[in-house]
Amino acid sequence: MAEERRRVVGWVEAWLLWFTGDLERAFLWGVVDAPYRRAGIGRRLYDLARSHLRDLDAVRLHSNAETGSDGARFLESRGWRCTREEHWFGLDPATVDTTVLDGLGSGISVLPWSAVDSRAVWEVHSAAAIDIPGDLPRQREAFDKWNERLLGNPLFSRELSHAVVVNARVVATSALLVDRDAAVGEHALTATAKPDPRQGLRAARKARRDPRRESRRSPRPRHAERLREPPDARRQPAPRVSPDRSTR
C-alpha cells in the first residue's frame, strides 16, 4: 500500500489462485489514484508484488484491466497480453420491478441468506462458481473456506443476499456485497442449482410401474458405440500468461 500524508494513494494485491488447484498460477492487481500516476508508485508496487509471487514459485500470472485504460497500457508495457475479455453491467436497484415476486406459486419463496441454512446455499453457490467461463481451471471451494471468504467479508450482506427455495430446497442464490458508507454495492454471483437427478429417477421408476407406458417405449438397441472426440478436437490447456514467459 502506498500512502501520501496518511492517505492511501495506491495498493496492490498478489496471491496464488488456489481455487484452480494449480499453485503455479497467481493473480496480481493494483490501483494508483489518477493524480499520483506516472510518479513511479505503480512500478514500485508492481515490483513488490512480483517479488512476492516469485517467492511463492508462481510462474503463470493473471491480472485484469479495463480495455484502453492506464492499467492496460501499464501491463502491456511490461510484456503482458490480453487473453480474454469480460463484460460488466451496472444496474440501479431502484429501477427493478419486483412485482413478479408477489405471484410466486405454492412452495416457492425468496428468503434472505440469514434465514437459510448456509451449507445449503454453499452447495448451489460453490457448484455454480466452477461453471464460470474463463481461462482458469477451477476446483470446488470447501465449505469452511467459502464461509470464511464470503460470509466473513465485512461487506457481505446476509440480509440483502437472497435465495430461492422450492419445496424446502435451495435452487438459486444471489450474493451481494455492500459498502453502506459509499452507498454502492457489488453483485458477487448469482447461482442456479442443476436439476435434481432424483426427480428424473422417480419419474423413471413411475414409468416402469405404469403399464400404459409400455407401448410407448422405444426398443433398446442391443449394441452401442462409444463416441470419442478426435484428438484435435479436445480442449487444449490454456496458455500460461506471465510477463516473463508466455508459455511454459
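Extending 7 Å from Cα along the Cβ direction at residue 142 and again at residue 110 yields two label points whose distance is 3.5 nm. Note on residue 52 and residue 88: with the Förster distance fixed at 41 Å, the Cβ-Cβ geometry gives a FRET efficiency of about 0.90.
Stretched out straight at 0.36 nm per residue, the stretch from residue 81 to residue 31 would grow longer than its current Cα-Cα span by 16.1 nm.
Under 1.5 on a/c is rounded, so check that first for region 97-197, then, if it is not, pick prolate when a/b is larger than b/c and oblate when it is not; a ≥ b ≥ c are the square roots of the alpha carbon gyration tensor eigenvalues. It comes out oblate by the Cα gyration axes. Potential lengthening of the chain between residue 102 and residue 168 amounts to 21.9 nm, from the contour at 0.36 nm per residue minus the alpha-carbon distance. Amide H contacts under 5 Å for residue 178: 156, 157, 186, restricted to partners 5 or more places along the chain or on a different chain, H placed in the peptide plane at 1.01 Å from N.
Inter-label distance, residue 16 to residue 70: 3.3 nm, where each label sits 7 Å from its Cα along the C-beta direction. Gain on full extension, evaluated as 0.36 nm per residue between residue 180 and residue 160 minus their Cα-Cα distance, stands at 6.0 nm.
When the alpha carbon gyration tensor of region 2-76 is reduced to an equivalent ellipsoid, the three semi-axes, largest first, read 24, 14, 10 Å. Cut-off 12 Å, label point 7 angstrom out along Cα-to-Cβ of residue 5: give me the residues of region 22-45 whose amide nitrogen falls inside. Those under the cut-off are none; the list is empty. Distance between the 7 Å Cα→Cβ label points at residue 151 and residue 130: 2.1 nm.
Each value in this text was obtained by applying a stated rule to the coordinates, not by laboratory testing. Keep in mind that this is a model prediction, so the values were computed, not measured. Glycine also receives a Cβ, built like all others from the backbone with ideal geometry; neighbour counts cover every protein chain displayed.
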